[in-house]
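Q: Here you go, one structure.
The values are calculated or read from the model by the stated rules, or taken from the named source; none is laboratory data. Just so we're clear, the structure is a prediction, and the values are computed from it rather than from any experiment. A quick note on method: Cβ atoms are made from the backbone with ideal geometry, for glycine too, and the neighbour counts reach across all protein chains shown. Surface areas here come from the heavy atoms of the whole protein model, side chains and all, with no ligands, DNA or RNA. Shrake-Rupley method; radii C 1.70, N 1.55, O 1.52, S 1.80 Å.
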Amino acid sequence: MGWTGRTWFWRATGGFAVLWLVGCLAVVWLLFGARLAALTGIAGPSGTFVVAGCFEGLEETDTHCRGTYTPSSASSSADATAARPMLLRSASGDLRPGTRRDVRRVGDAVFEPSPLAAAEYVTFAGWTAVTLVLPGHWLLTSASRGRLLNGENYVFVWLASLLGAIALGILTLPAAWLLATL
C-alpha cells in the first residue's frame, strides 16, 4: 500500500522528516566537517604557526595559542604581508613562545593535525548525528506506516549508537594517525 491511502498529515510528516534528516546532516557537517578534515591534515590551506602565547580555553579544557600564521604558498619576500595573527585551537600542550607548528587553517583559526583530536571529533560527530537523526528516522518510519510508532526501541538504538560512535572514534585513530603523519 503506497502513499495513496495516506492522509495529508502523514505526507506532511514524512516531508518534514526528510527535511529534518537533511538538516541534521548539514548541521553535523557544519559543526565537525571542516575541523575534522583539518585535524586529519587532509584539507584546509596549510601553513606555519609561530606561537606568541598559550592559554586554557574558557569553555573547554583545550589549550589555545595566539600567534602568527603564514600560509605555505607565501613566498619568502611576501612573508611579512602574508603572515597574520591567528588562534591555534586545540594545541598539543602548552607551547612555548616562538615554537613553530605545521597547521591547517579553517576560517579564523588554525588546527594542528592530531590523531587523538581527530578521533575525538569523529566520536562527537557520531554522537551528534545519532542524537539528531533518530527522531527524524522515527518520524519518517511513522509517516510511512501511517501511525505513530512506539519509540521505546529507539532509546536502545540510540544508546547502542552512542557506543558505536565511541568505537568508530577508536577505529579511526590509526587512519587519523597515518593521515596526520603524512
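Q: Which of the cysteines found in the chain have nothing to pair with, since no other Cys Cβ lies under 4.7 Å from theirs?
A: If one checks each Cβ against the other cysteines of the chain, Cys24 turn up with nothing under 4.7 Å.
Q: Consider just the alpha-carbon atoms of segment 137-182 and return their Rg together with their Dmax, both in angstrom.
A: Expressed in Å, the Cα Rg and Dmax of segment 137-182 come to 17.2, 52.
Q: Under 5 Å between amide hydrogens, which residues at least 5 positions from Gly146 or on another chain qualify, with H placed 1.01 Å from N in the peptide plane?
A: Hits under the 5 Å cutoff: none.
Q: While we're on this one: Of the listed peptides 127-135, 112-120, what is their order by residue-averaged count of other C-beta atoms within 10 Å, with the highest listed first?
A: 112-120, 127-135
Q: Over the chain, what relative contact order in percent results from Cα pairs under 8 Å that are six or more residues apart?
A: In percent, rounded to a whole number, it is 26.
Q: Among 149-158, 98-107, how do they line up by average Cβ neighbours within 10 Å per residue, starting with the highest?
A: Per-residue Cβ counts within 10 Å, averaged per peptide and sorted highest first, yield 98-107, 149-158.
Q: Two decimals is fine: what is log10 I(q)/I(0) at q = 0.21, 0.25, 0.32 Å⁻¹ for segment 80-130, from a Debye sum with one equal scatterer on every Cα and no solvent?
A: Debye intensities relative to I(0), on a log10 scale: -0.87, -1.08, -1.30.
Q: Report the dimensions of the chain along its three principal axes from the alpha-carbon atoms, largest first, rounded to Å.
A: Here the Cα extents, ordered largest to smallest, are 71, 32, 31 Å.
Q: Which value, in Å², gives the accessible area per residue of the chain when a 1.4 Å probe is used on the protein heavy atoms?
A: Result: 61 Å² of accessible area for each residue.
Q: Report the accessible area of Leu163, computed with a 1.4 Å probe over the heavy atoms of all protein chains in place, in Å² rounded to the nearest 10.
A: About 120 Å², rounded to the nearest 10.
Q: Here's a follow-up. Dipole of the chain (Lys/Arg Cβ +1, Asp/Glu Cβ -1, origin at the Cα centre): which of Ala91, Ala176, Phe16 lies farthest to the positive side?
A: Phe16
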